[in-house]
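A short worksheet on the structure shown next.
The values are calculated or read from the model by the stated rules, or taken from the named source; none is laboratory data. Here the structure is a predicted model, which is why all the values come from computation and not from measurement. Ideal geometry is used to build each Cβ from the backbone, glycine not excepted, and the neighbour counts take in all protein chains shown. These area figures cover heavy atoms from the full protein model, side chains too; ligands, DNA and RNA do not enter into them. Shrake-Rupley method; radii C 1.70, N 1.55, O 1.52, S 1.80 Å.
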Amino acid sequence: MFKKETYVQRRADLKKRVEGGLLLFLGNDETGCNYADNTYPYRQDSTFLYFFGLPLAGLTAVMDVEEGRETVFGDELTMEAIVWTGAQPSLRGQCEAAGVACVKPVAELAPYLREAVRQGRTVHYLPSYRPEHQLKLWRLLDVAPGAEAPSEALVRGVVGLRNCKTAEEVEEIERACRVSADMHEAMIRTVRPGVWEYEVAAAVEAVAAANHCRLAFPTIATVNGQTLHNHFHGNRVQRGDLFLLDAGAETQAGYAGDLSTTVPAAGVFTARQRDVHDVRLACHEASVAALRPGVRFEEVYDLSARIIVEGLTSLGLMRGDAVEAVAAGAHALFYPHGLGHMMGLDVHDMENLGESYVGYDGQPKSRQFGRRSLRLARRLEPGFVHTVEPGIYFIPELIDQWYAEKRFADFIRYDRVLAWKDFGGIRHEEDYLITPSGARQLGRKLPGKAEDLERMMR
């Protein structure tokens with residue numbers, strides 16, 4: 001937890017952004033993996049952590065905007081629970097450490113909310129992303145699952161506060177990024193022809209555990225980098241493979257790091273691999289150089305896509321005007337995702353609150369393939385923390401479909417692309433803080449140039 005004053009100030013700032021009513025925050029519960037007492041690793045709801053700092057299951061919190069009062073509803077541990085968990089700090093004591101003086105049993109929550117509704121008061125709540133939240137809203141507010149009406153005012157208020165990171169948040173994210181860099185260095189030391197993907201994943205995840213961190217998301221450690229979110233670790237690494245790692249640490253306070261690195265399994269890029277790697281590197285460096293307050297991130301994405309088109313044109317895989325190709329969406333055959341996403345308490349920060357608010361400032365998203373996966377498009381502001389992660393991929397199924405449809409044949413040289421279907425994918429990802437004058441990379445920089453990666457693998 002941060003100091004008490006941090007949470008008190010955050011809650012005060014939020015109440016100024018929402019006009020009246022009760023602000024309802026549903027914490028997460030324990031969830032059984034295969035029976036009730038064998039649970040998945042517990043993770044508190046991020047917005048609950050942001051405003052209350054309590055990483056405990058079974059809690060709900062309410063802010064009364066008019067009365068300025070905050071209440072946490074939860075139960076103290078019973079002796080039967082203490083037998084299994086050992087003695088723990090009291091709930092009341094932990095709430096006081098977060099600046100909350102009013103603590104009530106869970107049984108008093110439903111009557112409290114029913115009385116507020118009877119009085120005609122508005123109860124604001126956020127979008128649900130877990131079935132338990134939907135069931136609680138049904139029980140507490142008689143809102144049937146699927147019929148939820150989250151408060152836009154509350155969503156905008158939360159996003160407005162969480163999007164800009166404070167110095168203490170940046171310090172936590174920076175620690176997560178440093179541990180994440182250590183995880184990637186472990187991959188570089190481990191991957192060789194003959195090892196299994198799961199051996200590499202184990203070495204990577206051991207670094208997080210050794211630093212008292214969790215994983216920010218399931219590790220991607222694969223020779224099939226063309227599959228964007230590949231969580232299968234059952235392949236044996238072969239000479240000639242590219243190995244892609246996308247992995248990050250999460251601190252005990254809940255803040256994430258997120259890095260990607262792609263290396264040649266044998267320690268040396270082939271000529272073809274190096275050509276594509278260098279196109280991606282040029283794209284990455286130009287994107288980073290363009291970061292500064294006031295710039296729309298979608299403009300940086302367009303820049304990254306144009307550089308990829310120009311690079312692939314130089315390799316004989318595309319043709320025509322790069323600006324026109326990007327506008328049409330032809331680049332997405334090789335670059336089917338966005339350039340980056342916001343990062344903080346969630347690795348995709350506040351994605352449960354809606355990308356249109358977090359990454360688009362309420363504006364609609366594009367429906368164009370590739371561009372519709374752009375999670376961040378709005379003007380950058382000091383305090384934003386986000387990733388930069390352009391990639392180049394050769395996805396056999398996508399190539400076959402577009403070739404059969406002759407899609408964007410004016411821009412894509414299918415006669416040559418078909419010979420590249422076994423290439424795989426390359427991605428390199430870093431995390432940046434937008435500063436008043438530009439941008440600063442968080443954590444420790446990993447090698448980006450081909451020769452530096454090769455040297456590190458020797």
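Scanning the stretch 47-70 for residues that are of a type in the set (D, E, K, R) and surrounded by 23 or more Cβ atoms within 10 Å (Cβ to Cβ) yields a single hit, E70. Of the numbered conditions (1) in a loop (DSSP other than H, G, I, E, B); (2) of a type outside the set (V, I, T); (3) over 17 Å from H133 (Cβ atoms); (4) open to solvent by less than 90 Å² (accessible area, probe 1.4 Å), C95 fails exactly one; give the number of that condition. It fails just one condition, (1).
Every condition in (1) closer than 30 Å to Q363 by Cα; (2) part of a loop (DSSP other than H, G, I, E, B); (3) open to solvent by less than 40 Å² (accessible area, probe 1.4 Å); (4) in contact with a Ser or Thr (Cβ under 9 Å, 6 or more places away or on another chain) holds for V100 except the one numbered (1). Filtering the stretch 296-309 to residues that are of a type outside the set (S, T, N, Q) and crowded, with 16+ Cβ neighbours inside 10 Å leaves F297, E298, V300, Y301, D302, L303, A305, R306, I307, I308, V309. Among the residues of the stretch 399-415, is there at least one that is within 26 Å of the chain's Cα centre (by Cα) and either β-branched (V, I, T) or more than 29 Å from P218 (Cβ to Cβ) (or both)? Checked the stretch 399-415: no residue is within 26 Å of the chain's Cα centre (by Cα) and either β-branched (V, I, T) or more than 29 Å from P218 (Cβ to Cβ) (or both). Only one of the listed residues (V295, V237, V276, V268) is over 25 Å from the mean Cα position of the chain (by Cα), in contact (Cβ under 8 Å) with a residue 24 or more places away in the chain and closer than 19 Å to G338 by Cα. That residue is V276.
Residues in the stretch 1-46 that are of a type in the set (A, V, I, L, M, F, W, C) and surrounded by 13 or more Cβ atoms within 10 Å (Cβ to Cβ): M1, F2, V8, A12, L14, V18, L22, L23, L24, F25, L26.
Report, ordered by the first and then the second residue, all pairs with beta carbons closer than 8 Å, sequence separation of six or more or different chains, a first member in the stretch 1-20 that is closer than 18 Å to P55 by Cβ, and a second member that is hydroxyl-bearing (S, T, Y) and not in a helix (DSSP H, G or I). Matching pairs, first to second residue: T6/T166.
If you check A107, A87 for being more than 25 Å from G354 (Cβ to Cβ), outside any strand (DSSP E or B) and modelled with pLDDT of 95 or more, only one passes: A107.
Residues are listed down the side, and each one gets a yes or a no for (1) more than 13 Å from A305 (Cβ to Cβ); (2) touching a residue at least 60 places away in the same chain (Cβ under 8 Å); (3) of a type outside the set (S, T, Y):
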position	(1), (2), (3)
Q363	yes, no, yes
S366	no, no, no
R372	yes, no, yes
L376	yes, yes, yes
G383	yes, yes, yes
V388	yes, yes, yes
P396	yes, yes, yes
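Within the stretch 11-32, identify whether any single residue is at pLDDT below 95, assigned to a loop (DSSP other than H, G, I, E, B) and out of contact with any Ser or Thr (no Cβ under 7 Å at 6 or more places or on another chain), and answer yes or no. Yes: the stretch 11-32 contains one or more residues that are at pLDDT below 95, assigned to a loop (DSSP other than H, G, I, E, B) and out of contact with any Ser or Thr (no Cβ under 7 Å at 6 or more places or on another chain). Comparison of L49, L56, L113 shows that the only residue that is assigned to a loop (DSSP other than H, G, I, E, B) and not β-branched (V, I, T) is L56.
Residues are listed down the side, and each one gets a yes or a no for (1) of a type in the set (A, V, I, L, M); (2) assigned to a helix (DSSP H, G or I); (3) crowded, with 23+ Cβ neighbours inside 10 Å; (4) at pLDDT below 95:
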{"residue": "A176", "(1), (2), (3), (4)": "yes, yes, yes, no"}
{"residue": "S180", "(1), (2), (3), (4)": "no, yes, yes, no"}
{"residue": "M183", "(1), (2), (3), (4)": "yes, yes, yes, no"}
{"residue": "A186", "(1), (2), (3), (4)": "yes, yes, no, no"}
{"residue": "R189", "(1), (2), (3), (4)": "no, yes, no, no"}
{"residue": "R192", "(1), (2), (3), (4)": "no, no, no, no"}
{"residue": "A201", "(1), (2), (3), (4)": "yes, yes, no, no"}
{"residue": "A209", "(1), (2), (3), (4)": "yes, yes, no, no"}
{"residue": "H212", "(1), (2), (3), (4)": "no, no, no, no"}
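Applying a threshold of 8 Å to beta carbon distances and a minimum spacing of six or more residues, or different chains, the list of pairs starting in the stretch 58-74 at a residue that is in contact (Cβ under 8 Å) with a residue 12 or more places away in the chain and ending at one that is basic (K, R) and open to solvent by 10 Å² or more (accessible area, probe 1.4 Å) reads T60/K136; M63/K15; M63/R69; V65/K15; G68/K15; T71/K104; V72/K104; F73/K104. For the stretch 340-351, the count of residues that are assigned to a loop (DSSP other than H, G, I, E, B), of a type in the set (D, E) and crowded, with 18+ Cβ neighbours inside 10 Å is nonzero. Scanning the stretch 157-170 for residues that are in a helix (DSSP H, G or I) and buried (at least 16 other Cβ atoms within 10 Å of the Cβ) yields a count of 7. Close contacts from the stretch 115-132, counting a first residue that is open to solvent by 70 Å² or more (accessible area, probe 1.4 Å) and a second that is in a strand (DSSP E or B), with Cβ to Cβ under 8 Å and a gap of 6+ residues or different chains, come to V117/V123; T122/L22. If you take the residues in the stretch 312-330 that are free of Cβ contacts under 8 Å to residues at least 40 places away in the same chain and open to solvent by less than 20 Å² (accessible area, probe 1.4 Å), which one is nearest to the chain's Cα centre (by Cα)? Among those that are free of Cβ contacts under 8 Å to residues at least 40 places away in the same chain and open to solvent by less than 20 Å² (accessible area, probe 1.4 Å), it is V326.
Is it true that some residue in the stretch 361-377 is open to solvent by 10 Å² or more (accessible area, probe 1.4 Å) and closer than 30 Å to M1 by Cα? Scanning the stretch 361-377, I find at least one residue that is open to solvent by 10 Å² or more (accessible area, probe 1.4 Å) and closer than 30 Å to M1 by Cα, so the answer is yes. Among the helices (runs of 4 or more DSSP H) confined to the stretch 377-458, the ones with at least 1 residues that are modelled with pLDDT under 95 are located at 450-456.
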